[in-house]
Amino acid sequence: ANAGEPAIPTDLPLRNDLIGEEPYGAPQLDVPVCLNVNENPYAPKADVVESIAQRIREAARSVNRYPDREHEALRQAFCDYLKAESDARLQPAQVWGANGSNEIMLQLFMAFGGPGRTALAPAPTYSMYPEYARDTFTAWQTVPRNDDFTVNVVDTIQAMHELQPAMVVLTSPNNPTGTPLPIEDLKQILEASQSATVAGAQPGTHPIVVVDEAYIEFRDPGTPSATTLVNDYHNLAVSRTMSKAFAFAGSRVGYVAADKGIIDCMRIVRMPYHLSAITQAAALAAFDHTDEQLAEVNHLRQTREQTAQWLTTQTYKGKALQVMPSQSNFILFGGHLAERELIFEQMLERGVLIRVVGPEGWLRVCMGTDEEMAQFRAALTASLRAAE
Ligand code: PMP
């Protein structure tokens, strides 16, 4: 069990495969500088807060009724956003929302995974994926990324043919490495998927290709999003979230862009009324203020570039830190931090919470406000010295 949590009583019939498992989640600590869960550090402006409150007040008048199960107004808002943000031309039938992209992913695994099915991903990647696989009895297989953490397209396609997964999960930019997946690489995998077969499925079935674009708004402007390919590939599902760039993590809203066929499969496994009237109202209000919600994205991109540059000037045991090029709002750094737990603890003592994640020897930090980043830099320099 997690520190301070009582152990689960052994006389409860917890599923055999869950015995000894722990709830997923980064520590939620009351610390001055939280740079550990890749949030947008800028809180909503007063007029956005007011709009959200107003919409929720209206929704409250009819909370005796169930919400719109198909969340049609919100699906239109997702389409409008994807058109404005990525120039993706989609109909409401091609988008679908849920409580965070975590729930989107779980719905995909519930619909397309399951006993006898496999999900494949280039690793290292987001550590929740194997948990969705576990929870849905889906086998989880990985194919190593290249040394620079880019996707090895040849190996991934080969693994797709050999392992016959029902789902190929790609993350762009990847968490925790920040690495983008070039659209040409994605197209190659999508083309190969058209002739791949799926173990445990009807003959003639091809895998779905899931692209998790949780952090895509932080990419270099002008880089295409996978959402622009949804009209071309009926087996492509692109997951998105309002949690990161859109600065809306507390409201729990994620969505997917995909062919209507994929969404109809997801609708089979969703809970009825999974998106509350309150959530829908809040999200619609936030979309009325899209520009304000995204106002700091460019600044966070600059912060990332400055922080990456600064990190390369830092040393540990006499050797410069490695810094992975990132298209996200976080940076994976180090590479040779043998005492990464100790460095993490030293940072925490100085009031700065970062994340121990990714391959051994690396740490991850997400971009905060200018003041927070100044505290991060001071704390890291001191912590590296203290941990040497
Ligand atoms: N995908 C990736 C790659 C993530 O890093 C995260 C958040 N850590 C999520 C999905 C889930 O985010 P949310 O459920 O808030 O949309």
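The values are calculated or read from the model by the stated rules, or taken from the named source; none is laboratory data. Model, not experiment: these values are computed from the prediction. Here Cβ is always computed from backbone atoms with ideal geometry, including for glycine, and neighbour counts include all displayed protein chains.
Of the residues screened, LEU363 is not one that is over 23 Å from the mean Cα position of the chain (by Cα), among the aliphatic types (A, V, I, L, M) and at pLDDT 95 or above. All conditions in (1) surrounded by 22 or more Cβ atoms within 10 Å (Cβ to Cβ); (2) of a type in the set (Gly, Ala, Ser); (3) within 16 Å of the ligand (Cβ to nearest atom) hold for GLY334, with the sole exception of (3). Whenever a residue of segment 283-310 is within 25 Å of ILE331 (Cα to Cα), its partners that are buried (at least 18 other Cβ atoms within 10 Å of the Cβ) and charged (D, E, K, R), lying with C-beta atoms within less than 6 angstrom and at least six residues away or across chains, give the pairs VAL297/GLU217.
In this structure, is ASP47 under 18 Å from VAL253 (Cβ atoms), touching a residue at least 24 places away in the same chain (Cβ under 8 Å) and of a type in the set (Asp, Glu)? When the stated conditions are applied, ASP47 does not pass them.
Scanning segment 259-271 for residues that are farther than 19 Å from PRO67 by Cβ and either basic (Lys, Arg) or within 16 Å of the ligand (Cβ to nearest atom) (or both) turns up just one, LYS260.
Checking the structure you have, find out if any residue of segment 18-29 is within 16 Å of the ligand (Cβ to nearest atom) and buried (at least 18 other Cβ atoms within 10 Å of the Cβ). Checked against the condition, which is being within 16 Å of the ligand (Cβ to nearest atom) and buried (at least 18 other Cβ atoms within 10 Å of the Cβ), segment 18-29 yields no hits at all. Inclusion of SER276 among residues that are under 21 Å from the mean Cα position of the chain (by Cα) and either loosely packed, with under 15 Cβ neighbours inside 10 Å or not basic (Lys, Arg) (or both) is not warranted. Here MET347 does not fit the description of being under 19 Å from the mean Cα position of the chain (by Cα) and hydrophobic (A, V, I, L, M, F, W, C). Answer with yes or no whether HIS299 is within 26 Å of ALA133 (Cα to Cα) and surrounded by fewer than 16 Cβ atoms within 10 Å (Cβ to Cβ). Here the answer is no, as HIS299 does not meet what is asked.
Would you be able to say whether some residue in segment 235-247 is within 16 Å of the ligand (Cβ to nearest atom), crowded, with 16+ Cβ neighbours inside 10 Å and either in the same structural domain as LEU363 (by TED's automatic domain parsing) or free of Cβ contacts under 8 Å to residues at least 12 places away in the same chain (or both)? No.
Taking the listed residues ILE208, ILE216, the one that is away from the ligand (no atom under 12 Å from the Cβ), of a type in the set (Val, Ile, Thr) and surrounded by 22 or more Cβ atoms within 10 Å (Cβ to Cβ) is ILE208, with no other qualifying. For VAL230, indicate whether it is within 14 Å of the ligand (Cβ to nearest atom) and either crowded, with 21+ Cβ neighbours inside 10 Å or of a type in the set (D, E, K, R) (or both). Taking the combined requirement at face value, the residue does not satisfy it. Counting only residues that are in a helix (DSSP H, G or I) and either touching a strand residue (DSSP E or B) at 6+ places or on another chain (Cβ under 6 Å) or in contact (Cβ under 8 Å) with a residue 60 or more places away in the chain (or both), segment 94-125 holds 12 of them. A count restricted to segment 134-159 and to residues that are surrounded by fewer than 19 Cβ atoms within 10 Å (Cβ to Cβ), part of a loop (DSSP other than H, G, I, E, B) and among the hydroxyl-bearing types (Ser, Thr, Tyr) stands at 1.
The residues on offer are ARG252, ARG240, ARG219, and the sole one that is on the phi > 0 side of the Ramachandran plot and basic (Lys, Arg) is ARG252.
Selection over segment 85-119 of residues that are over 19 Å from GLU72 (Cβ atoms), of a type outside the set (Asp, Glu) and either at pLDDT below 95 or more than 16 Å from the ligand (Cβ to nearest atom) (or both) gives a count of 9. Do we have HIS274 as more than 16 Å from the ligand (Cβ to nearest atom) and touching an Asp or Glu at 6+ places or on another chain (Cβ under 9 Å) here? The answer is no for HIS274.
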